[in-house]
Amino acid sequence: MPMPEIHLMKPYPTELQVHQVNCFYNYTAGLVATDVDLLKTATNLLNSGIARTVCFSDLKCFYLDAKGDIQLEWLQPQGRQWDSQWTVKFSENLPPRIAEELVFCLELSFHEQRIEGAEARQIPLHLRAALPPLVLDRDDWTLSVYPWLKVYSDGILTVSFQLDTTWEILEEADFIQDVVNLFQQYFDHVWVQSDLQRMDAQQILPDAYEGEFTIGGQEVVGRKQRKLLKEMRRTSQAVVDESLEKDGQSFEIGGEFWMLHQIAGSEGQADWEASIDLCRSIYFGAVTSLVAPRAAEKENRLRRIQLWQGRPSISLMRFRDQPNTKDALLTRFGPSMSRVLMRSSAIREPSALPPDLRPFGDYCFHGNRALLLWTWLRLANSPDNVWEDANTRAHLLENQARAEHFEYHNLRIARACATASSPPSDDHLIDAYEVLATAESVIHHSSQAGEITSALDYLMEAAGTIGLIASSKEQARWYLDERRYRTEKKRAHMDRWLAVVFGFVGAAGLADLVIRPFLQVSYPKLATQWTGLVAFVLSVIVVSLLAGCVWISNKLRRE
């Protein structure tokens, strides 16, 4: 019997070999609360120890001095906006580390103001803070990640994990697997500050394991169940306390030493969810426990996350044979860029690239539901190391400001759609309907640059959020009509009782003023108490006949 022929599959050639890349893994969440007290939230962040600087969108900032006291720094940039530069003079007693964080916040604020402008501002007030870094460790591969927090006054939060990496050569498949899809990668060790882990545990343990006691969606309730639930929570808290009481490990990150701990309970375990998504959960759990809603501040329900979304924003800064024109870039690297956007390296013939959202000749900007990709061109005489260019940081933060701009508007509408489908209260329903009713207008006026507005409109459509607005508005109208019907029903019920009460009052007045004097004159021998009773009965009969005639007349008119 002849042996079958075996054809070995040769890997298709790929052009993309990455040298330098910057990534912001942006996770945006919407709280149940829609009105946040930024001042109290900033104070909570500083007092908790997970932040040492908080910068507000009006360029005021709080920071911790060497004694641990909260100080105020009023930032007053000098310079014209369209000159693309600000000059800021810090106070002499400002610590250098605080100044570095404020410079980052100021650069982003500069780009945010260029996007929106003061005349038609759609983004609400917000604060920004640097959170403690984390370390991802796998074999001989160690990544230091820098998280940044942004809290909007309408209850939307953004946590961005920043990663800067440089390679001699990183093949396309490895780049997609290890960088683009970093959230799918498991690590041997994940190192996070202990304070963050404690706050996250305090946030989630009171409601933990609720879903463990269900069968086919039916909750199992009983004394043994409650006892076992308390024991599981007590055991989990003990594991957290025991793990975090151990000595951590010191890491030098950005020229500063940080004491970090492994994820509580992960010591000695090889099969566990050690990914950056776990870090996202820890950071959001810690931050939401510190958010201060204006109404019902002690109600923990308002601090819960209603909806969250996440996608990376990747800037390809240097790669092999990097062209200096868009035509050459799209011709040679178009399939590779498409595979990056699809987050899969196994596709031989990827679909066509979406439209380029950058009309100028400095870089290409492509985006879809899963990814934002900024592919740079390399101009003549530019350095091999992109960080030798003084404008690199400004370009990266400009891209991040645009990514945050999209993430905010996208989640604002998505949260309103989720609220409209199941509103927790009438106030939430009204807020959601207002967001949905003004969605198109807000997007249209979201930027003073037509390029950015058009890009936002396209990305919202690509993310599928625009398609949810019409049906969500109908759901919100149904709930509003249903609440109006119930309100009118209660009002009609109350009106009937009031009509009965005032009917008796009117009958008593008619009996006392008209019928009783008539009976006293017509029947002088009738006892006084009987005169009043007969007068009241006769007046009730008269009022009832009159009310009956009115009711029959109204019914005949409706028919």
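The values are calculated or read from the model by the stated rules, or taken from the named source; none is laboratory data. A quick note: this is a predicted structure, and the numbers were derived from the prediction, not measured. Positions of Cβ are backbone-derived with ideal geometry, glycine not excepted, and every protein chain shown enters the neighbour counts. Accessible surface is based on the protein model in full, side chains and every heavy atom, while ligands, DNA and RNA are left aside. Shrake-Rupley method; radii C 1.70, N 1.55, O 1.52, S 1.80 Å.
Could we say that Gly334 is of a type in the set (Gly, Ala, Ser) and either open to solvent by 60 Å² or more (accessible area, probe 1.4 Å) or free of Cβ contacts under 8 Å to residues at least 40 places away in the same chain (or both) here? Spell out how you get there, then give the answer.
Numbers: of a type in the set (Gly, Ala, Ser): yes; either open to solvent by 60 Å² or more (accessible area, probe 1.4 Å) or free of Cβ contacts under 8 Å to residues at least 40 places away in the same chain (or both): yes.
In short, yes.
Sort out which residues of the range 128-143 are among the charged types (D, E, K, R) and buried (at least 20 other Cβ atoms within 10 Å of the Cβ), and write them in order of number. Outline the logic, then answer.
Narrowing the range 128-143 to residues among the charged types (D, E, K, R): 128, 137-140.
The answer is Arg128, and nothing else.
Working carefully through the options Ser446, Ser421, find the one that is hydroxyl-bearing (Ser, Thr, Tyr) and under 18 Å from Gly464 (Cβ atoms). Don't jump to the end; show me each part of the working.
Working: Ser446 fails: under 18 Å from Gly464 (Cβ atoms).
Unique residue meeting the criteria: Ser421.
Among the residues of the range 193-231, what is the count of those that are among the hydroxyl-bearing types (Ser, Thr, Tyr) and at pLDDT 85 or above?
1
Could you say whether any residue in the range 297-309 is closer than 30 Å to Ala352 by Cα, open to solvent by less than 70 Å² (accessible area, probe 1.4 Å), outside any helix (DSSP H, G or I) and at pLDDT 85 or above?
Going residue by residue through the range 297-309, those that are closer than 30 Å to Ala352 by Cα are 308-309.
Of the ones still in play, those that are also open to solvent by less than 70 Å² (accessible area, probe 1.4 Å) are 309.
Retained after the next criterion (residues that are outside any helix (DSSP H, G or I)): 309.
Right, trim to at pLDDT 85 or above and you get 309.
For the range 297-309, residues closer than 30 Å to Ala352 by Cα, open to solvent by less than 70 Å² (accessible area, probe 1.4 Å), outside any helix (DSSP H, G or I) and at pLDDT 85 or above: present.
Only residues that are among the acidic types (Asp, Glu) and over 30 Å from Ile305 (Cα atoms): list them for the range 156-177, please. Walk me through it before giving the result.
First pass over the range 156-177, keeping only residues among the acidic types (Asp, Glu): 164, 168, 171-172, 174.
Within the range 156-177, Glu168, Glu171, Glu172, Asp174 meet the criteria.
Go through the residues of the range 262-273 one by one and say whether even a single one is out of contact with any Pro (no Cβ under 6 Å at 6 or more places or on another chain), at positive phi, in a loop (DSSP other than H, G, I, E, B) and open to solvent by 60 Å² or more (accessible area, probe 1.4 Å).
yes
Among the residues of the range 163-178, is there at least one that is surrounded by fewer than 18 Cβ atoms within 10 Å (Cβ to Cβ), outside any strand (DSSP E or B) and touching a residue at least 40 places away in the same chain (Cβ under 8 Å)?
yes
Of the residues Tyr209, Tyr146, which single one is open to solvent by 30 Å² or more (accessible area, probe 1.4 Å) and on the phi > 0 side of the Ramachandran plot?
Tyr209
Could you run through the range 251-261 and say how many residues are within 19 Å of Arg198 (Cβ to Cβ) and touching an Asp or Glu at 6+ places or on another chain (Cβ under 9 Å)?
3
Kindly indicate the residue of the range 337-354 that is in contact with a Leu (Cβ under 8 Å, 6 or more places away or on another chain) and either in a strand (DSSP E or B) or open to solvent by 40 Å² or more (accessible area, probe 1.4 Å) (or both) and also farthest from Phe175 (Cα to Cα) among those meeting that condition.
Leu353
Exactly one condition in (1) in contact with a helix residue (DSSP H, G or I) (Cβ under 8 Å, 6 or more places away or on another chain); (2) within 25 Å of Asn181 (Cα to Cα); (3) not in a strand (DSSP E or B) is not met by Glu407; state its number.
Condition not satisfied by Glu407: (1).
Quick check: anything in the range 81-94 open to solvent by less than 30 Å² (accessible area, probe 1.4 Å), without any contact (Cβ under 8 Å) to a residue 60 or more places away in the chain and within 21 Å of the chain's Cα centre (by Cα)? Spell out how you get there, then give the answer.
Our first condition is that a residue be open to solvent by less than 30 Å² (accessible area, probe 1.4 Å); within the range 81-94, this holds for 94.
Subset that is without any contact (Cβ under 8 Å) to a residue 60 or more places away in the chain: 94.
When the remaining residues are screened for being within 21 Å of the chain's Cα centre (by Cα), the result is none.
No, the range 81-94 contains no residue that is open to solvent by less than 30 Å² (accessible area, probe 1.4 Å), without any contact (Cβ under 8 Å) to a residue 60 or more places away in the chain and within 21 Å of the chain's Cα centre (by Cα).
Where in the range 58-160 are there strands (runs of 3 or more DSSP E), lying fully within it, with 3 or more residues that are of a type outside the set (Ser, Thr, Tyr) and over 28 Å from Cys23 (Cβ atoms)? Please lay out each step first, then the result.
On the way: elements: 60-64, 70-74, 126-130, 134-138, 141-152.
Qualifying strands (runs of 3 or more DSSP E): 60-64, 70-74.
Only one of these conditions is not met by Trp374: (1) in a helix (DSSP H, G or I); (2) surrounded by 21 or more Cβ atoms within 10 Å (Cβ to Cβ); (3) among the hydrophobic types (A, V, I, L, M, F, W, C). Which number is it?
Single failed check for Trp374: (1).
Quick one: Ala51 ticks every box in (1) in a helix (DSSP H, G or I); (2) surrounded by 14 or more Cβ atoms within 10 Å (Cβ to Cβ) except a single one, so which number is it?
(1)
For the condition open to solvent by 20 Å² or more (accessible area, probe 1.4 Å) and in contact (Cβ under 8 Å) with a residue 60 or more places away in the chain, what is the one hit in Tyr433, Tyr458, Tyr408? Write out each step before concluding.
Working: Tyr433 fails: in contact (Cβ under 8 Å) with a residue 60 or more places away in the chain; Tyr408 fails: open to solvent by 20 Å² or more (accessible area, probe 1.4 Å).
Answer to the selection: Tyr458.
Quick test for you: out of Leu108, Leu125, pick the one residue that is within 30 Å of Ala439 (Cβ to Cβ), open to solvent by 60 Å² or more (accessible area, probe 1.4 Å) and touching a residue at least 40 places away in the same chain (Cβ under 8 Å). Steps first, answer last, please.
On the way: Leu108 fails: open to solvent by 60 Å² or more (accessible area, probe 1.4 Å).
The match here is Leu125.
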